[in-house]
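Please read the structure below before turning to the comments.
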Amino acid sequence: MARAAVRGRLNWTLGEVVELIDETPRVRSIVLDVPDWPGHRAGQHVDLRLTAEDGYQAQRSYSIASSPEDARLTITVEGLPDGEVSEYLVGELRRGDKLELRGPIGGFFVWEAVSGGPLLLVSGGSGIVPLMSMLRHREAADATIPTKLVSSSRSWDEVIYRDELERLAAAANGPEVIHTLTRSQPPGWTGYARRVDGAMLAEVAWAASSMPMTFVCGPTSFVESVAAALVLLGYPATSVKTERFGPTGG
Amino acid sequence: MAYISRGFRGKRAKEREDARLPPGQYLVDGFPVLSAGPTPHTPLDEWTFSVDDEAATLKTWSWEQFRALPSEEIRVDISCVTKWTKLDTAWEGVAIDTLLEGVEHRATHLMAFSDGDYTTNLPVEDVLDGKAWVAFAYDGQPLEAEHGGPARLLVPHLYFWKSAKWVRGFRLMDHDEPGFWESYGYHIYGDPWREQRYAGD
Amino acid sequence: MEGEELRLDGNAIAGALGEVFVEEMTSARIACEGCGSVESVGAEHAYVQAPGIVLRCTHCDSALLVMTRTGSRMRIWFPRSRWLETGEPGND
């Protein structure tokens, strides 16, 4: 289902965990079956709420990783040190468990193939999740919109969706995927090995004159430094959409 | 009633019956960081602390002058209105009694103000007689910016939103008026032992 | 963890806004009373680790929205915002 209907009030609903996928040592995707899911747009998120037996509650937002075309809803969660929610989702949660969620949420940080491009996606760590929903939607919609993903990860082992990104990039009209590995690189690595900066973006991003749609997602400091660098390259500030993930995403 | 998540416990420290835990609170081991706005970074050579009344500044200290005042070590439990309590937190600071020494006033209340737009109101009697400090060190180290450094208010017998981070002074008043969170529906006084979280509690 | 990492954006308060507004609000435009700037709610700075939610102007840090929850009640305050606008943006 492509486009979510104009929604009424958001209500909490239950989804059942049907599959768990270990993406990297610390990152897990959770595939949910949510009855009466109204559909979503790429870039939106859900709020999850966990309740302990004594009534204690914790709530977090997680970007939807699956495309709008996918019948099942997938979120991808990074386990954070001392993250009470992420630890539960990445460690304890089992198939058959249910999760209380509400959504889809958001309208600012969304992309639909009909919106056009070219498209620039820049991610830091788990910031890739909503951008992956956009790439999966682009593929499902058979879109040929020129697209670049600049993805920053700590190491090759920590690149989320690594194999799928290779497959997408190898396809005709696939996105161009540029990795940078900031902490350690595999032997023979010839790619970028530093944090995303203005010089890197000048080399790989679209020229501002091609008027790209841009989405930047990740930790606050990453998002703000990338957005500032793009503005220095001539990108209008309002054309760079940002979504900051907090330190307590877990 | 919300759905109970199988196997979820949350970050609370091991439960124990503790007379030191105010009603509705849970224990934490860490020190959560909360903020209503950007972290200020006032350089120490520009930092001042002032005691004002409605008309004028009565006293002011530079950072050096402030740090030359007598200070003391403090060990207290702190409770946040968001329900976490941390026991035995260790601070170093200057007692408000010291800051008000020699200040002639008839104030009943004060409004503490911080860098940014944060304020919080307190009765004067709740900051005297060793009940409140301006703290500049936590756990033996200079207070970090994210926890309110270089200096914050420390008023441990009230909910911790009253312990204003990045404090720069207070204004003595002859009446009470709500500060930042108090204007947005939080309790004007904020006693955790009477669970005074919201206005009207 | 740096204090700066607590600064999120309006996307982080979309769920809470959804408890008050029926319309999707992160794409709504909001006008700042402090400096006159107009931005999408999703682009403004949001602080959510607090006794309430505070949305601040990215240009001047004025508090545009404050949201506090008391039990089942959610109240939204408009300290320094002049207007909120939904629908497709116009040209004015």
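Rule-based calculations on the coordinates, nothing more; no lab input. In this text, all values refer to a predicted model and were calculated from it rather than measured experimentally. Note that we place each Cβ from the backbone using ideal geometry, even for glycine, and neighbour counts take in every protein chain shown.
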## Note on the structure
Yeah, chain B with a ≥ b ≥ c from its alpha-carbon gyration tensor (a/c under 1.5 is rounded, else prolate when a/b outruns b/c, oblate otherwise) is prolate
## Note on the structure
Full extension between C:His59 and C:Ser72 adds, at 0.36 nm per residue less the Cα distance, a length in nm of 1.4 nm
### Of all DSSP beta bridges in the protein assembly as shown, antiparallel share, percent nearest 5
75
### Task
Tally the DSSP beta bridges in chain B and give the antiparallel ones as a percent, rounded to 5.
85
### Query
Among residues other than B:Gly190 whose Cβ falls under 12 Å from its Cβ, what is the net charge (Lys/Arg +1, Asp/Glu -1)?
-2
### Query
Cα-Cα over 22 Å: which of B:Lys86/B:Lys165; A:Lys98/B:Lys11; A:Lys98/B:Lys86; B:Lys59/B:Lys165; B:Lys131/B:Lys162?
A:Lys98/B:Lys86
### Task
Rounded to the nearest 10 degrees, what's the angle between the helix A:220-232 long axis and the longest principal axis of chain A, both from Cα atoms, 0 to 90?
30
### Query
Just counting partner chain Cβ atoms within 10 Å, what average do the residues of peptide A:238-244 show around their Cβ?
5
## Note on the structure
Expected integer from the mean partner chain Cβ neighbour count at 10 Å over C:41-54 is 6
### Under 17 Å from the B:Gln65 label point (7 Å along Cα→beta-carbon), backbone N, segment B:27-45
B:44-45
### Query
Between A:Gly124 and residues 5 or more places away or on another chain, which pairs have amide H atoms under 5 Å apart, with H built 1.01 Å from N, and which residues are they?
A:Ser152, A:Cys217, A:Gly218
### Query
What's log10 of I(q)/I(0) for the protein assembly as shown at q = 0.08, 0.11 Å⁻¹, Debye sum over Cα points only, no solvent?
-0.57, -1.03
### Task
Could you tell me which of rounded, prolate or oblate describes segment C:17-74, using a ≥ b ≥ c as the square roots of the eigenvalues of the alpha-carbon gyration tensor, with rounded for a/c under 1.5 and, failing that, prolate when a/b is larger than b/c and oblate otherwise?
oblate
### Message
Rounding to the nearest 10 and keeping the result within 0 to 90°, find how far the Cα-based axis of helix A:128-140 lies from the longest principal axis of chain A.
### Response
80
### Message
Please arrange B:Phe180, B:Phe8 by how many other C-beta atoms lie within 10 Å of their C-beta, fewest to most.
### Response
B:Phe8, B:Phe180
### Message
Could you compute the net charge surrounding C:Tyr47? Neighbours are other residues with a C-beta less than 9 Å from the C-beta of C:Tyr47; K and R count +1, D and E count -1.
### Response
+2
### Query
Mind listing which GluC sites (Glu not before Pro) in segment A:125-211 are in a DSSP loop and have 16 or fewer other Cβ atoms within 10 Å?
none
### Query
Counting Lys and Arg as +1 and Asp and Glu as -1, what is the net charge of the other residues whose Cβ lies under 12 Å from the Cβ of C:Ile30?
0
### Query
Between A:Ser225 and A:Glu92, what length in nm is gained on full extension when 0.36 nm per residue of separation is reduced by their alpha carbon distance?
44.4 nm
### Query
By its C-alpha gyration tensor, with a ≥ b ≥ c as the square roots of the eigenvalues, how is segment A:139-250 shaped: rounded for a/c under 1.5, else prolate for a/b larger than b/c, else oblate?
rounded
### Query
Taking a temperature of 20 °C and a viscosity of 1.002 mPa s, what whole-number D in µm²/s does Stokes-Einstein yield for segment A:74-184 with Rh from Kirkwood over alpha carbon pairs?
137
### Query
A:Thr214's amide H: which non-local residues (gap 5+, or another chain) put their own amide H closer than 5 Å, with H modeled 1.01 Å from N in plane and none for Pro or chain starts?
A:Leu120, A:Lys241
### Message
Per residue of segment C:51-58, what does 6.51 cos²θ - 1.76 cosθ + 1.60 with θ = phi - 60° give for ³J(HN,Hα)? Whole Hz please, x for Gly and Pro, Karplus curve as stated.
### Response
x, x, 9, 10, 9, 10, 5, 5
### Neighbour-limited loop hits for trypsin sites (Lys or Arg not before Pro), segment A:178-243 (at most 13 other Cβ within 10 Å; DSSP other than H, G, I, E, B)
A:Arg183, A:Arg194
### Message
Under 20 Å from a point placed 7 Å out from the Cα of C:Thr86 along the Cα-to-Cβ direction: which residues of segment C:17-37 have their backbone N that close?
### Response
C:17-32
### Message
Once you place label points 7 Å from the Cα toward the Cβ at B:Asp18 and A:Thr144, how far apart are they in nm?
### Response
6.5
### Query
Expressed in nm to one decimal, what extension gain is obtained for the pair B:Lys83 and B:Asp201 from 0.36 nm per residue of sequence separation less their Cα-Cα distance?
40.9 nm
### Task
Give me a single rounded figure for B:72-83: the average over its residues of other chain Cβ atoms within 10 Å of their Cβ.
1
### Message
Within 10 Å of each candidate Cβ there may be at most 16 other Cβ atoms; applying that plus a DSSP loop requirement, which chymotrypsin sites (Phe, Trp or Tyr not before Pro) in segment A:99-202 survive?
### Response
A:Trp189
### Message
Can you compute the helix-only [θ] at 222 nm over chain B? Use -39500 (n - 2.57) per DSSP H run of at least 4 residues, normalise by all residues, nearest 500 deg cm²/dmol.
### Response
-1000 deg cm²/dmol
### Query
So which cysteines in the protein assembly as shown don't have a second cysteine's C-beta under 4.7 Å from them?
A:Cys217, B:Cys80
## Note on the structure
Residue by residue through segment B:146-160, the couplings from Karplus 6.51 cos²θ - 1.76 cosθ + 1.60 with θ = phi - 60°, in Hz, x for Gly and Pro, are 5, 9, x, x, x, 8, 9, 6, 9, 10, x, 7, 10, 3, 5
### Task
Please give, to one decimal in nm, the separation of the simple spin-label points placed at A:Arg154 and A:Ala199, each 7 Å out from Cα toward the Cβ.
2.5
